[in-house]
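Colleague: So that we are looking at the same thing, I have put the structure below in structure tokens.
Coordinate-derived values only; no laboratory data. As the structure is a prediction and not an experimental result, all values here were calculated from the model. Ideal geometry is used to build each Cβ from the backbone, glycine not excepted, and the neighbour counts take in all protein chains shown.
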Amino acid sequence: MTNRYWPRQFDEIEGTPQTWINEPAPPDNVRSIGRAARRPLHAVLVESLNSTQALLTRLESGVTVPREQQRETVRLLYVATRQQVRALAATLELDGLE
């Protein structure tokens with residue numbers, strides 16, 4: 001009679017029901033994707049520009065590669081990074097971008 005008003009434990013229930021309470025939390029590098037989680041395009045472009053400028057600064061400060069063949073790959077990365085910085089900066093200057 002005393003157990004009548006006590007909630008049952010999960011191990012007492014046949015087949016533990018899966019709820020958001022008892023399922024494991026996702027890792028720190030995982031987040032839900034949805035319309036509410038979308039960031040404004042301007043914020044994404046600014047973040048991308050900052051990251052690309054940081055990469056460009058690092059490349060301009062000097063990169064050492066062990067083999068001669070790798071120099072061409074790093075040079076192509078440098079050229080592409082410079083072009084991307086210019087494109088991102090030009091895009092951020094556009095009026096009415098959403």
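Colleague: With θ taken as phi - 60° and the coefficients 6.51, -1.76 and 1.60, list the Karplus ³J(HN,Hα) couplings across the stretch 46-54 in order, rounded to whole Hz; mark glycine and proline as x.
Modeller: Values, residue by residue: 5, 4, 5, 4, 4, 5, 5, 5, 5 Hz.
Colleague: Still on this structure: With point charges of +1 on the Cβ of Lys and Arg and -1 on the Cβ of Asp and Glu, referenced to the Cα centre of the stretch 41-98, which listed residue (A90, Q53, P66) lies farthest in the positive direction of the dipole?
Modeller: In the stretch 41-98, that residue is P66.
Colleague: Mind giving me the nanometre distance, one decimal, between the label points for V44 and R58, set 7 Å out from Cα along Cα→Cβ?
Modeller: So the label points at V44 and R58 sit 2.3 nm apart.
Colleague: Could you give the nm distance between label points at R86 and E68, where each point is 7 Å from its Cα heading toward the beta carbon?
Modeller: 3.0
Colleague: Scan around V63 for amide H atoms under 5 Å from its own, H built in the peptide plane at 1.01 Å from N, and keep only partners 5 or more places away or cross-chain.
Modeller: Amide H neighbours of V63: none.
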